[in-house]
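None of the figures in this text is laboratory data; all of them are computed from the coordinates on show. Just so we're clear, the structure is a prediction, and the values are computed from it rather than from any experiment. Every residue, glycine as well, gets a Cβ built from its backbone with ideal geometry; the counts of neighbours run over all protein chains shown.
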Amino acid sequence: MRKELEKKGKSFLIQVLRLLLRNKPVQDKVDLSAVKKILVIRQDNRIGNLVLTAPLLLALRKSFPRAKLSFLSSSVSAEVFSGSKLIDELLVLEKKRYIRNPFAFISQIFSLRRKGFDLAFDCSDENHLSFGHGMWIYLSRAKYRVGHKREKSDLFLNIEVPPVNHTRHATDMHLDLLRFLMPGVSEELPFLDVKREEEEYIRNYLEKMSIGDEDVLVGINLGGTGEKRWDLENFIELGKGLKEKEKVKVVYIWGPQEKDLVKDFKVSGVLTEIFPLPKLSALLKRCDLFITSDSGIMHLSNAVGTTTLAIFIHSDSQKYGPKGEKHRVITSQDGKVKSGEVLEEALKMIRELSSVKQLQMTDDK
């Protein structure tokens, strides 16, 4: 009922805006030579969706090395992009504050306009018009406002990127916005920096748990959302099987949503504390292999370069799976994935990684 009312309310508001807003598509050739200020908008509290914009940010860095790059998002993005060189300025939207204080909302609009953006990108999903993204990109008054063409998107955008008729990775969905302006933009993998001090913190933390640099470390993520999450019993069985068959150390990662699940957690391995995202990124980077359901932490692991084995039960692995040749995905056809199947694939990956690690340590000596 509530969603239906919201849908009708937005539909009515869009009809009103159709009468009020003055927006015309760009008719002339797009001149990118004078672009000095770029805005990327991704209004989202979900870690994974924020990480998936990183390839576009990296491509913009390479294409416009002298331009100032601003990112308009939620407060979560401050943690996701902590220490990142991908953006110059983070602009945080505070929805609750705007409700309490409408003047703060108005102030944000004028502040955005004063920045004088030359180019702006709406990074909402190509299949669904986001009213919030549309309004912010329109209010930015950027000279070129780029986004995917959807029903009513012409209200807010002056450059609409035509839809594609095939499924591709979500990172390419974002990169296609830039490719529309600059054909030939290369494929980029998700990438996030990890601060050296965070890596040192995790190294010390693991040493206290008797885990050294020479150990093969497997991270197992107990978290996930709803039907996307693999059963806890499967993860416990998996960890036990790994330690029985290979000489590895195992750490279990979890979040506030798993508090009830882990309160009676008894298994060999380390059940870590809940880390803030910068430290969690460092822990994921230290792992030689990370095993996880489809989740935001999966994308974080992918972005820090850790070999990832992802379990997809009720989501699209082609669009949202970890990107890169070294990663593996196990999908379900019936809503179930057997622990034996995951164990077999994990053991194969561990043996490959162990050989590489031994060679690297020999070379270091």
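Data table
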quantity	calculated
Volume of the Cα convex hull of the chain, divided per residue and given in Å³	175 Å³
Cα gyration tensor category, rounded, prolate or oblate, for segment 223-339 with a/c compared to 1.5	rounded
For the chain, calculated [θ]222 nm from helices alone, where every DSSP H run of n ≥ 4 adds -39500 (n - 2.57)	-13000 deg cm²/dmol
Which of F117, F64, F156 has the fewest Cβ neighbours within 10 Å, and the rest in rising order	F64, F117, F156
Which of D294, D334, D122, D154 has the fewest Cβ neighbours within 10 Å, and the rest in rising order	D334, D154, D294, D122
Residues R168 and R66, FRET efficiency given R0 of 22 Å [Cβ-Cβ distance, rounded to 0.05]	0.15
Taking the convex hull of Cα positions in segment 61-134, its mean projected area over all directions (nm²)	6.1 nm²
At q = 0.11, 0.12, 0.17, 0.25 Å⁻¹, base-10 log of I(q)/I(0) for segment 182-260 (Debye sum, equal scatterers on each alpha carbon)	-0.47, -0.55, -0.91, -1.20
Environment charge of G321, counting only residues whose C-beta is closer than 11 Å and scoring Lys/Arg +1, Asp/Glu -1	+1
Fewest-first ranking of F235, F191, using other Cβ atoms within 10 Å as the exposure measure	F191, F235
Acute angle (nearest 10 degrees) that the helix 170-181 long axis makes with the longest principal axis of the chain, alpha-carbon atoms	40 degrees
Whole-angstrom gap from segment 61-114 to segment 138-201, using each part's C-alpha centre	16 Å
Distance cut-off 27 Å, percentage of C-alpha pairs in segment 15-181 lying past it	20 percent
